[in-house]
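These notes concern the structure reproduced below.
None of the figures in this text is laboratory data; all of them are computed from the coordinates on show. All values reported here derive from a predicted model rather than from experimental measurement. When we count neighbours, we look across all protein chains shown, and the Cβ atoms used for this are built from the backbone with ideal geometry, even at glycine.
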Amino acid sequence: MSEIIFEVEHLKKYFGPVKAVDDVSFKIRKGETFGLVGESGCGKSTLGRVILKLIEPTEGKVYIHTSLREGERPRRYDITAGERLRELRRKMQIVYQDPASSLNPRMIIRDIIGEPLKVHKVAKGEKLQDIIVDLLKHVGMQEEHLWRYSYELSGGQRQRIAIARAIALNPEFLVLDEPTSALDVSVQAKILKLLKDLQRDFNLTYLFITHDMSIIDYMCDRVAVMYVGKIVEISEKELLFNEPLHPYSKALLSALPSKDPSKRTLARAEILSGEVASPANPPAGCKFHPRCKYAFIECGWGSDDLATYLREYMGEKVSLKAAAKGSFHLEIWPSAREVINPINVMISDLVAKGKEQKKPLFEAIDGLKNVDGRIHIYFMEKSEPELVERVCKDRYVACSLYEALSDQKILQKGIHQSTKKGEDT
Amino acid sequence: MTIIQEQIPSQDEKILVIKNLYLNFGVYQGTVKVLDGIDLEVERAEVLGVVGETGCGKTVTARSILRLLEANAIVEKGEIIFEGGQNMLNASEKDLEKIRGRKISMIFQEPMTSLNPTMRVGDQVAEGLLLHFGEDMIKKGVELIEKEKPPLSALHKNILEREINKPNSLVLKIASRIPFIKRYQQYPKLAARRESVEILRMVGMPSPDRIALAYPHELSGGMRQRVLIAMALACKPDLIIADEPTSAVDVTTQAKILLLLLNLGEQKNTTLLIITHNIGVVAEICDRVCVMYAGQIAEVGSVIDVINHPLHPYTRGLMRSIHNIGDKSELEGIEGNVPILLSPPTGCRFHPRCQHAMSICSKKKPELKEIHKGHKVHCWMYQKE
């Protein structure tokens, strides 16, 4: 097992009430490609920027293991504290999604690639030019491109320039933020291949951020799956694709269209109900549970779930008030417009029926009180599941389904059987 | 739904035929030769995919069917025949209005920008119903009055019945200006709005009665896309053109929308023309596929033929640029860049990037030749001069 190069510990980034990145921890090993996958708005791009301190984190630590001088023994530097940050920038770089907006339109290619070299006083004059030409050749471009502006180049060529700029200072660690999603497939293939070649030649470590599972499969060694600001699963790529543990990873993989028309998979795709939770006011407990088909009593049901249910089935008949978003306490009273009598009987009937049908939402209700014609409903309090190592080494999952199960049991039965209980309820 | 009477499908198998379509865009620098002899036949009740990379002319082809092109578009020559009858390129604006939405409808690319931000979602869906099924909506309005007996019901009913018999009578013109009495107009709208709730329900919208009252900005991307689909389906068209229906949504939502499109196509016997750059989408839901490159059709055939046994060098390159999960082989991509269509390559437009290019390729355009049943290729490798 090779050494750790990058460490992220309990990292948080809040934009006001929006929890873009919410308590994320992972480690990246030297020479690997670590994939970060998730749907739009899950916080993956923010995470990519926060770990390089391009955005100030709200809380948490990020470390890089490197040596700043040649011959020096590698040690751990604290990026979040800004320890020798300027020198550390040479060791970590980023390639952005849209090459049209990440390259300065008023600079020629020579200056774009040369800028980091000048800033860090690596070379100047003719030597600088030689280095730039060399870099251009590494990314598959020619010397003649030195004098062009970025708008004269095609999308693929621009992305090559962005990559050349990123590797100019001989970094060890590169964040690739959707580097190919703005490109056509035939160009995308070329860029991915280039990135693989560079990784081999320069011994680079990548954090590859993407929403495309097939790119993850092509590029990565290990993968972290993100959902609404949280990492829900970290796993070796093969293990994840063969047997995803977290229900969200499972849904993500099953929704992937097959590229072989003789083996269509769409009919078997797991269709998620509902919409992605808002990171500004996420549901209580596990953020995925309102959409999860394996959800059971332990998932952290709260006021939001019951409120959604009541609005769906009772419409405007009742007024609701939750103590706070994502809380475990809900207050219900008859709305002024309609008189339903007596509300306490109705609600307790509903709850009793729900419990009888073994609906997890109602099973999780702990107490029901009637105070002055208002019904107070209390849920069992349950915190969000932690990302814990399960089944085998380096496999992490954050899901309550596995909390009660031994590793042996999960392995023996596989996810489908081991979560059977969840499915029944 | 009861408003729409069953249509008698015409005997013609081909619902749409595009013949030898040449289309240019006039720009400051000259003319951009966007479409270079497009030949395409769409069969009734099939799902046809059109794939290609950015700028290959797939969206322009689709928009030219409904004549939704920008002012600088010039059709040089060609025909677009719909249901064996009219040439869409010569049709008058009045005829087009009858076809758009009713016979052919379109699902546009950007769910963010193609909905009206100042109109409630339900009203936007109802708009097409009121336009194409105005009379049905009036009848429904009369039913509504009979059922709910609102104030002035007898009078309003009377006026609406007149409207069915004599749509342009003087009485109506006067009635539509008198306060209280002019409220008869709201009943057809109300009926259409109720109908739109049903259509929203059909596209799998959760609690459609509430969503119908929402404005587009209140909905997520996937829900907006479903509203667009509902609008396209409202008048039960024969042909639905979906322009990149899933490129703005995430994979889990994509699966939802694809399943929806597929089921609707099967149930209603509707023909679907799907324009996309995503081979996965084509492989999952299309019966036939047409590959376009730089304004020319490279290859047409059944999905299995084209994707699993591609013939055209471009299609082959495309397939080698896509990674299949679990596949260990390296990606290759295609050398070179897409040509600039201000001065496109002569002959086959792919020849500057083609590994198999011969001298003839730059001189003369090959035919779209049928190699075996239904599988046509536009390449000199498979034909002689």
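Suppose the chain between B:Glu135 and B:Glu198 were pulled fully straight at 0.36 nm per residue; how much longer would it get relative to their current alpha carbon spacing? Each step should come with its number before you reach the end.
Numbers: separation 63, 0.36 × 63 = 22.68 nm, distance 1.88 nm.
My answer for the length gained is 20.8 nm.
Would you work out the charge dipole size for the stretch A:301-379 about its Cα centre, treating the Cβ of every Lys and Arg as +1 and the Cβ of every Asp and Glu as -1, and quote it to the nearest 20 debye? All intermediate terms of the calculation are to be shown ahead of the outcome.
Details: 11 positive and 11 negative charges, 5 e Å.
Around 20 debye, computed over the stretch A:301-379.
Within chain B, which is the longest segment containing none of the chymotrypsin sites (Phe, Trp or Tyr not before Pro) that sit in a DSSP loop and have at most 16 other Cβ atoms within 10 Å? Please list the in-between numbers first.
On the way: sites that count: B:Tyr28, B:Phe180.
Counting at most 16 other Cβ atoms within 10 Å as exposed, the longest clean stretch of chain B is B:181-385.
Using the number of other C-beta atoms within 10 angstrom as an exposure proxy, rank B:Thr61, A:Thr46, A:Thr308, B:Thr346 with the fewest first.
Listing B:Thr61, A:Thr46, A:Thr308, B:Thr346 from fewest to most nearby Cβ atoms yields B:Thr346, A:Thr308, A:Thr46, B:Thr61.
Name the trypsin sites (Lys or Arg not before Pro) in the stretch B:143-196 that are in a loop by DSSP and that have at most 13 other C-beta atoms within 10 Å, would you? Don't skip to the end; give the middle numbers.
Details: sites: B:Lys147, B:Lys157, B:Arg162, B:Lys173, B:Arg177, B:Lys182, B:Arg183, B:Lys189, B:Arg193, B:Arg194; in loops: B:Arg177.
Loop-located and lightly packed - B:Arg177.
Treat the count of other C-beta atoms within 10 Å as a stand-in for reagent exposure and order A:Asp111, A:Asp23 from fewest to most. Kindly include the intermediate steps, with their values, before the conclusion.
Values: A:Asp111 13, A:Asp23 17.
Lowest to highest Cβ neighbour count: A:Asp111, A:Asp23.
Hey, got a sec? Which trypsin sites (Lys or Arg not before Pro) in the stretch B:307-351 land in a DSSP loop and have at most 11 other Cβ atoms within 10 Å? Kindly include the intermediate steps, with their values, before the conclusion.
Working: sites: B:Arg316, B:Arg320, B:Lys328, B:Arg349; in loops: B:Arg320, B:Lys328, B:Arg349.
Qualifying residues, ordered by number: B:Lys328.
Please express the Cα-Cα pair-distance distribution P(r) of the stretch A:301-379 as a list of whole percents, one per 5 Å bin, running from 0 to the bin with the greatest distance.
3, 16, 29, 30, 17, 5, 0
Could you give the distance between the Cα centres of the stretch A:41-78 and the stretch B:256-302, to the whole Å?
45
Expressed as a whole number of Å, what is the distance separating the alpha-carbon centroids of the stretch A:266-281 and the stretch A:88-110?
Each part's Cα centre sits 35 Å from the other's.
To the nearest 20 Debye, how big is the dipole of chain B about its Cα centre, given +1 on the beta carbon of each Lys and Arg and -1 on that of each Asp and Glu?
1040
Which trypsin sites (Lys or Arg not before Pro) does the stretch A:6-112 hold that lie in a coil by DSSP with at most 10 other beta carbons within 10 Å?
Working: sites: A:Lys12, A:Lys13, A:Lys19, A:Lys27, A:Arg29, A:Lys30, A:Lys44, A:Arg49, A:Lys53, A:Lys61, A:Arg69, A:Arg75, A:Arg76, A:Arg84, A:Arg86, A:Arg89, A:Arg90, A:Lys91, A:Arg106, A:Arg110; in loops: A:Lys30, A:Lys53, A:Arg69, A:Arg84, A:Arg89, A:Arg90, A:Lys91, A:Arg106.
Counting only loop positions with at most 10 other Cβ atoms within 10 Å, the trypsin sites (Lys or Arg not before Pro) in the stretch A:6-112 are A:Arg69, A:Arg106.
Starting from the 7 Å offset along Cα-to-Cβ, what nm value, one decimal, do you get for the label separation of B:Glu161 and A:Glu87?
Label at B:Glu161, label at A:Glu87, 9.4 nm between them.
How much length, in nm to one decimal, is gained on full extension between A:Asn281 and A:Gln142, taken as 0.36 nm per residue of separation minus their Cα-Cα distance?
Details: separation 139, 0.36 × 139 = 50.04 nm, distance 5.07 nm.
Residue separation times 0.36 nm, minus the Cα-Cα distance, leaves 45.0 nm.
Whole angstrom only: what separates the Cα centroid of the stretch B:85-118 from the Cα centroid of the stretch A:233-262?
Between the Cα centres of the stretch B:85-118 and the stretch A:233-262 lies a distance of 39 Å.
Please work out the ratio of the alpha-carbon Rg of the stretch B:1-134 to 2.2 N^0.38 Å and round it to two decimals. List each step's numbers first, then the result.
Numbers: Rg = 16.6 Å, N = 134, 2.2 N^0.38 = 14.1 Å.
Against the compact-globule rule of thumb, the ratio is 1.17.
Let me know the volume per residue of the alpha-carbon convex hull for the stretch B:237-385, in Å³.
Numbers: hull volume 21.8 nm³, N = 149.
Convex hull of Cα atoms, per residue: 146 Å³.
Which residues make up the longest stretch of chain A clear of GluC sites (Glu not before Pro) that lie in a DSSP loop with no more than 15 other Cβ atoms within 10 Å, not counting the sites? Walk me through the numbers on the way to the answer.
Details: sites that count: A:Glu3, A:Glu70, A:Glu72, A:Glu83, A:Glu270, A:Glu275, A:Glu338, A:Glu381, A:Glu386, A:Glu403.
Maximal segment without exposed cleavage sites: A:84-269.
Counting other beta carbons within 10 Å of each Cβ, put B:Leu260, A:Leu85 in order, fewest first.
Values: B:Leu260 20, A:Leu85 14.
Sorted ascending by nearby Cβ count, the order is A:Leu85, B:Leu260.
Between A:Arg268 and B:Ser247, take the C-beta separation as r, use R0 = 30 Å, and let me know the FRET efficiency to the nearest 0.05. It would help to have the intermediate numbers written out before the result.
Values: r = 23 Å, r/R0 = 0.76.
Efficiency at R0 = 30 Å is approximately 0.85.
So what's Rg/Rh here for the stretch A:142-182, counting alpha carbon atoms and using the Kirkwood radius for Rh? Can you show the working numbers first?
Values: Rg = 11.4 Å, Rh = 11.4 Å.
Across the stretch A:142-182, the Cα-based Rg/Rh ratio is 0.99.
Please compute the modelled spin-label separation between A:Ser335 and B:Lys373, points set 7 Å along Cα→Cβ, answer in nm with one decimal.
6.0
Any idea what the dipole of the stretch A:4-249 comes to, in debye rounded to 20, about its Cα centre with Lys/Arg Cβ at +1 and Asp/Glu Cβ at -1?
Values: 37 positive and 35 negative charges, 175 e Å.
So the dipole magnitude of the stretch A:4-249 works out to roughly 840 debye.
Translational diffusion coefficient of the protein assembly as shown at 4 °C, 1.567 mPa s, Stokes-Einstein with Kirkwood Rh over Cα pairs, in µm²/s as a whole number. If you can, show how the numbers build up before the last one.
Working: Rh = 30.1 Å.
It diffuses with D of about 43 µm²/s by this estimate.
Considering every residue in B:320-329, what mean count of other chain Cβ atoms within 10 Å of its Cβ is obtained? Walk me through the intermediate numbers first.
Working: counts 3, 9, 7, 13, 7, 10, 5, 4, 1, 1.
Taking the mean over all residues of the peptide, I get 6.
So how tilted is helix A:185-202 from the main axis of chain A? Cα-based, degrees 0 to 90, rounded to 10.
Long axis of A:185-202 versus the principal axis of chain A: about 70 degrees.
For chain A, build the charge dipole from Cβ charges (+1 Lys, Arg; -1 Asp, Glu) around the Cα centre, then report which of A:Gly48, A:Leu192, A:Thr308 sits farthest towards its positive end.
A:Leu192
Report, in deg cm²/dmol and to the nearest 500, the calculated mean residue ellipticity at 222 nm for the protein assembly as shown, where each DSSP H run with n ≥ 4 adds -39500 (n - 2.57) and the sum is divided by the residue count.
Numbers: 28 runs with 271 residues, N = 810.
The per-residue figure over the protein assembly as shown is -9500 deg cm²/dmol.
Treat each spin label as a single point 7 Å out from the Cα along the C-beta direction, and report the A:Arg73 to A:His376 distance in nm.
In this crude label model, A:Arg73 to A:His376 measures out at 6.1 nm.
Taking the 0 to 90 degree range and rounding to the nearest ten, how far is the long axis of helix A:303-314 tilted relative to the main principal axis of chain A, both from C-alpha atoms?
Helix A:303-314 sits roughly 60 degrees off the main axis of chain A.
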